[in-house]
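Before any comments, here is the structure.
The values are calculated or read from the model by the stated rules, or taken from the named source; none is laboratory data. Not measured: the values here are computed from a predicted model. With ideal geometry, Cβ positions are generated from the backbone for all residues, glycine too; neighbour counts draw on all protein chains shown. Calculation scope for accessible area: heavy atoms of the full protein, side chains included, ligands and nucleic acids excluded. Shrake-Rupley method; radii C 1.70, N 1.55, O 1.52, S 1.80 Å.
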Amino acid sequence: MPSTNIILMGPPGSGKGTQAVRIAQRYHVPIISTGDILRATARSGSALGLELRAIMASGGLVSDGMMVDLVRERLQRSDATAGFILDGFPRTVGQAGALAEMLGGRPVVAVVLEVPDQDLEARLDSRRICLKCRAVYHSGTRLGSEAETCARCGVALIKRDDDNLEVIRTRLQTYHRDTEPVLAYYAERGALVTIDGSPAPDAVTRAIIRAIDARRQVFLPDPGAPRPHASKNVRRS
Ligand code: AP5
């Protein structure tokens, strides 16, 4: 059985974190969320943490060098040998090339969730998260109580520093400029699956699982070597 290596992509608020939890349960693989790792470091209060916090609060990207080192170290842990879900990485073509080298030919499926920008702004502005169990909520719907506490942990939900309209718009611009070229990178290698992220979460999960099950044998070739005719494999579910 080949390893199940899943890259979850999509603009801010498209549902990567929401879907990663569901997909991980299905395939029994760990979630590697670079945003979560960076936020945990930012909360530590170290000099590096303060620097990361400022970058994330601005809507920009952390340097490729730091991100590649972080992911390389995480992928070397034993729980990632049978597969993983990468949520938030790669975000630049440089990161994608570095990942291909790290994986040394192991197959990947890159799943991109598509949602219109105007819907993303509304989703992120009303998102609340639980810092303890990392559950994600939509403010005003199915919260633990009117005071907005986590239904699982009972702790107060918070709004992320970067979930205000000005920063959300910068994050979307960053995505269109720096991360959309990564979609072309995977499309050229026949490894990209495009999913409509607008339906209800359960429907999106079903579409992702259908697509992954159909493509678990996809082989990602050596970095820099696009497969002839592979772009025809791009599909929409
Ligand atoms: P990161 O944490 O990765 O944030 P992001 O990509 O902006 O994505 P989000 O976490 O905001 O959204 P999501 O797609 O997970 O959506 P969610 O499921 O929560 O990165 C943060 C920052 O870290 C970056 O800006 C950057 O600075 C830095 N960084 C991280 N990785 C990096 C890298 N590789 N290189 C450089 N810098 C990096 O859902 C959103 C809301 O919508 C929720 O309220 C949810 O309930 C709701 N929702 C979800 N699905 C649906 C649905 N189907 N219908 C209706 N509502 C839905």
Scanning region 185-234 residue by residue, those within 12 Å of ALA110 (Cβ to Cβ) and modelled with pLDDT under 65 turn out to be VAL218, LEU220, ASN233, VAL234
Quickly run through region 196-216 and pick out the residues that are within 10 Å of the ligand (Cβ to nearest atom) and outside any loop (DSSP other than H, G, I, E, B). ASP196, PRO201, ASP202, ALA203, VAL204, THR205
Suppose the filter is among the aliphatic types (A, V, I, L, M) and more than 13 Å from the ligand (Cβ to nearest atom); does ALA42 pass it? no
Pairs where the first residue, in region 163-187, is hydrophobic (A, V, I, L, M, F, W, C) and the second is open to solvent by 50 Å² or more (accessible area, probe 1.4 Å) and not in a helix (DSSP H, G or I), C-beta under 7 Å, 6+ apart: VAL182/ARG91; ALA187/VAL234
Residues of region 88-127 classified as part of a loop (DSSP other than H, G, I, E, B), exposed (fewer than 15 other Cβ atoms within 10 Å of the Cβ) and away from the ligand (no atom under 13 Å from the Cβ), total: 2
Candidate set: region 32-81, residues that are basic (Lys, Arg) and assigned to a helix (DSSP H, G or I); chosen: the one most open to solvent (accessible area, probe 1.4 Å): ARG43
Could you tell me which of the residues ARG160, ARG152 is in a loop (DSSP other than H, G, I, E, B) and either within 24 Å of TYR27 (Cβ to Cβ) or away from the ligand (no atom under 14 Å from the Cβ) (or both)? ARG152
Filtering region 76-87 for residues that are within 13 Å of the ligand (Cβ to nearest atom) and out of contact with any helix residue (DSSP H, G or I) (no Cβ under 6 Å at 6 or more places or on another chain) leaves a count of 1
Of all residues in region 176-195, which are open to solvent by 20 Å² or more (accessible area, probe 1.4 Å) and within 15 Å of the ligand (Cβ to nearest atom)? HIS176, ARG177, ASP178, GLU180, PRO181, LEU183, TYR185
Within region 43-71, track down each residue that is in contact with a Gly (Cβ under 8 Å, 6 or more places away or on another chain) and farther than 22 Å from ILE85 by Cβ. ARG43
Need pairs with beta-carbon distance below 9 Å; first residue acidic (Asp, Glu) and within region 46-63, second part of a helix (DSSP H, G or I) and surrounded by 17 or more Cβ atoms within 10 Å (Cβ to Cβ); sequence gap 6+ or separate chains. GLU51/ALA42
Report yes if some residue within region 6-27 is in contact (Cβ under 8 Å) with a residue 60 or more places away in the chain, outside any helix (DSSP H, G or I) and away from the ligand (no atom under 12 Å from the Cβ); otherwise report no. yes
Selection from region 1-31 of residues at positive phi and in contact with a Pro (Cβ under 9 Å, 6 or more places away or on another chain) yields GLY15
